[in-house]
Amino acid sequence: MTTHQEHDDEGAGAAERFEALWAAHLGPVHRYVSRHVDAHTAHDVVAETFLVAWRRIDDVPEAPLPWLLVIAKNTIANTRRSATRRRAMESTLARVAHLAAAEPSPGAVVAEREHVLAALGRLSPRHREAVLLVAWDGLDPAGAAQVLGISPAAFAMRLSRARRQLGRAIDEPEDPDEVAALPAPSVTPRPAAAHGDASPRSLR
Amino acid sequence: MTRHDNPLADPLDQLAAYAPTADAPPTMLLVKERILAHDRGADDGARQIAATPGLVWWRRPRTLVAATGVAALAVAGAVVVPGLTGGSAYASWTASPDPLVGADLAQADRLCGESAGGDTLVAERRGVFRFLVSSDGVEVSDCLVDGDGTGGGSTTRLADLDAPTAREALVGGYMTTWGPRNGDVTAIHGPTGDDVNGVTVVRSNGYRVEATVESGWWAAWWPGRADEDATIVVHRTDGTSSAPIRVDDPAANAGF
């Protein structure tokens with residue numbers, strides 16, 4: 001039998017753990033969600049993700065980020081299925097372009113921002129997400145595999161191919177005519193039933 | 001600089017160099033207090049809450065464009081609008097379209113190629129940019145061609161679209177795409193009824209973009225991102241106009 005005091009202690013401990021989870025992972029979760037949905041929806045999805053985390057605070061694993069991103073991913077899927085209003089749509093690549101830092105991190109010797117983003121746009125949606133989970137979300141292959149719901153071996157293979165394709169695309173010289181001839185589509189189509197969807201076909 | 005110049009640069013590192021900051025907006029801080037105030041043991045399970053599309057108690061407020069504000073900020077005719085364009089790439093963009101005909105139209109058709117297959121429904125010019133909406137009977141495609149001939153756009157399945165009444169114009173496609181040359185572009189289009197002869201898009205900042213209406217369709221585009229709070233005003237052959245209709249209002253949407 002637990003006493004009121006024990007309940008209070010347990011509640012305080014849960015709140016502390018949630019505070020720590022929030023402080024460490026709100027930003028990364030918000031960044032991941034913002035890559036997949038519009039700003040209004042991102043606000044709700046992040047809130048719902050952390051509400052689930054609060055309710056399941058005793059289940060939070062040692063490495064919480066992949067676990068949180070799985071919740072966020074499922075919440076996004078539920079939100080899309082439940083959508084009853086058309087929202088302005090934005091291609092995944094457009095969201096990525098808006099989120100990307102204006103300047104590379106200090107000391108990095110890299111290609112121009114627009115060139116790297118254009119190279120990213122040449123990847124298939126699956127390959128693009130694989131590289132972003134690692135390069136932007138900072139997940140290790142096991143964590144990224146967990147988020148995608150695939151085996152670590154399958155993710156390793158996907159990441160290897162994606163990295164190779166990204167490298168080739170970055171190596172290619174900038175040529176406006178090639179941009180016009182990009183293969184289509186360049187982003188993941190959304191469920192037509194929920195959104196009556198338009199799908200971006202290529203880079204402008 | 002490319003990897004040719006720096007063979008040690010891993011492509012993932014190059015991408016990581018442009019990783020966005022992981023700073024959530026300050027409005028999220030209020031959310032934390034509300035979550036902590038929530039009873040963890042309540043019966044309203046997280047699954048049920050997660051399935052709810054938008055919990056109003058923590059949604060940040062959205063503003064609706066007021067009609068008076070729209071009028072005050074209206075952009076006249078085909079005046080070039082500096083500052084609205086989001087970059088020098090769109091310096092020639094105009095809020096009102098010009099017709100696209102003849103050799104210009106033929107060239108735009110050719111440049112859009114497969115992406116603009118079938119019949120051309122709408123063709124317009126804004127500055128150096130040519131914009132086409134076409135359909136092959138299965139999909140509706142839009143295609144924007146810039147002054148250098150770079151094109152791109154989006155597609156909408158016709159099967160997803162409803163038919164408007166005679167006095168309606170519906171939103172069939174509304175999407176922002178991005179390209180390395182020109183940045184963000186937002187295109188909007190949809191079917192119109194027989195009595196519709198004009199559509200004005202009123203962006204959330206009050207700027208008005210006049211659409212081209214022809215062949216039972218309306219279409220417009222602008223440099224920059226889509227506005228969630230944009231509205232459309234439908235003009236009819238009897239001289240009347242609709243009240244502003246939010247583009248995300250189901251009543252304005254062709255896909256439901």
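Before we move on, is residue A:145 closer than 16 Å to residue A:67 by Cβ, without any contact (Cβ under 8 Å) to a residue 60 or more places away in the chain and assigned to a helix (DSSP H, G or I)? Criteria met by residue A:145. Residue B:189 meets each of the listed conditions (1) buried (at least 22 other Cβ atoms within 10 Å of the Cβ); (2) farther than 15 Å from residue B:124 by Cα; (3) touching an Asp or Glu at 6+ places or on another chain (Cβ under 7 Å) apart from (2). Does the stretch B:231-250 include one or more residues that are under 23 Å from residue B:93 (Cα atoms), within 12 Å of chain A (Cβ to nearest Cβ), surrounded by 19 or more Cβ atoms within 10 Å (Cβ to Cβ) and modelled with pLDDT under 90? Yes, the conditions are met somewhere in the stretch B:231-250. Here residue A:170 fits the description: modelled with pLDDT under 95, surrounded by 14 or more Cβ atoms within 10 Å (Cβ to Cβ) and over 20 Å from residue A:47 (Cα atoms).
Residue under question is residue A:97, and the condition is that it be within 14 Å of the chain's Cα centre (by Cα), within 12 Å of chain B (Cβ to nearest Cβ) and at pLDDT below 90; does it hold? The answer is yes for residue A:97.
Please work out if residue B:184 is in the same structural domain as residue B:90 (by TED's automatic domain parsing), buried (at least 21 other Cβ atoms within 10 Å of the Cβ) and outside any strand (DSSP E or B). So residue B:184 fails the test.
Assess whether residue A:132 counts as being outside any loop (DSSP other than H, G, I, E, B) and within 23 Å of residue B:225 (Cα to Cα). Yes: the conditions hold for residue A:132. Just one of (1) modelled with pLDDT under 95; (2) part of a helix (DSSP H, G or I) fails for residue A:69. It is (1). When the residues of the stretch B:172-181 are filtered to those that are of a type outside the set (Ser, Thr, Tyr) and buried (at least 24 other Cβ atoms within 10 Å of the Cβ), the one that is farthest from the other protein chains (Cβ to nearest Cβ) is B:172. Among the residues of the stretch A:100-115, those identified as farther than 29 Å from residue A:67 by Cβ and either assigned to a loop (DSSP other than H, G, I, E, B) or within 18 Å of the chain's Cα centre (by Cα) (or both) are A:102, A:103, A:104, A:106, A:107, A:108, A:109, A:110, A:111, A:112. Would you confirm, using the coordinates I've provided, whether residue B:144 is crowded, with 23+ Cβ neighbours inside 10 Å and either part of a strand (DSSP E or B) or more than 16 Å from the chain's Cα centre (by Cα) (or both)? Taking the combined requirement at face value, the residue satisfies it. Residue B:126 fulfils the conditions (1) of a type in the set (Lys, Arg); (2) at pLDDT 85 or above; (3) closer than 30 Å to residue A:112 by Cα; (4) surrounded by fewer than 23 Cβ atoms within 10 Å (Cβ to Cβ) except for a single criterion, (4).
The values are calculated or read from the model by the stated rules, or taken from the named source; none is laboratory data. Since this is a predicted model, take the numbers as computed values, not measurements. Here Cβ is always computed from backbone atoms with ideal geometry, including for glycine, and neighbour counts include all displayed protein chains.
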